[in-house]
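The structure under discussion appears below in the form of structure tokens.
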Amino acid sequence: PPSNFAILAPYSFGKPSFYTEPRNKLLQFLDWAASPEGRSAGCPVFDPTRIFLFGFSDGATLAVELLTTRRFAGAVVAAYGFTGNALPELALQRLANLPVWVFHSADDVIFPVSCSDKLVRQLRSKQAPTPGNELQSS
């Protein structure tokens, strides 16, 4: 039976980040992990419709990008770092009504909190309202 919780964390030896990797390569990793070859290599059995992404900093930006494929059930992002003006409309449509938990420290010295604030505003513009789905820091 599928595990209740498993972490699949691809790692690229000798590379500082997955941010520069082709996105399709990360999706192929998930396909491999769910395959008989992945299971025989030690990957747990999991339900591919219940995969959540986690990303920190540039990884948060990558997680949001991968979430637009709609292959994932949702995402947790911390210190989101997209500094552009806005996500494309098509990306926002693909993210509509997917759960995304966004965390960002006011003390972040790399990316300003305004990056995460902007993401939340854009996501809210496409989400159906859900009471009680937001925590504010004090």
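I need the full set of residues from the stretch 109-124 which are open to solvent by less than 60 Å² (accessible area, probe 1.4 Å) and touching a residue at least 24 places away in the same chain (Cβ under 8 Å), in order please.
Phe111, Cys115, Ser116, Lys118, Leu119, Gln122, Leu123
Report whether or not Ala106 is crowded, with 19+ Cβ neighbours inside 10 Å, modelled with pLDDT under 95 and more than 24 Å from Lys126 (Cβ to Cβ).
no
If I ask for residues that are out of contact with any Phe, Trp or Tyr (no Cβ under 6 Å at 6 or more places or on another chain) and in contact (Cβ under 8 Å) with a residue 24 or more places away in the chain, which ones from the stretch 58-74 would you list?
Listed by number, the residues that qualify are Gly59, Val64, Glu65, Leu66, Leu67, Thr68, Thr69, Arg70, Arg71, Phe72.
Give me a count of the residues in the stretch 86-131 that are assigned to a helix (DSSP H, G or I) and of a type in the set (Val, Ile, Thr).
Total satisfying the criteria: 2.
Among the residues of the stretch 32-85, write down those that are open to solvent by 30 Å² or more (accessible area, probe 1.4 Å), outside any helix (DSSP H, G or I) and of a type in the set (Gly, Ala, Ser).
Ala41, Gly42
The values are calculated or read from the model by the stated rules, or taken from the named source; none is laboratory data. Please read these numbers as outputs of a predicted model, since none were measured by experiment. As a convention, Cβ positions derive from the backbone with ideal geometry for all residues, glycine included, and neighbour counts pool all protein chains shown. Side chains included, ligands, DNA and RNA excluded: accessible areas come from the protein's heavy atoms. Shrake-Rupley method; radii C 1.70, N 1.55, O 1.52, S 1.80 Å.
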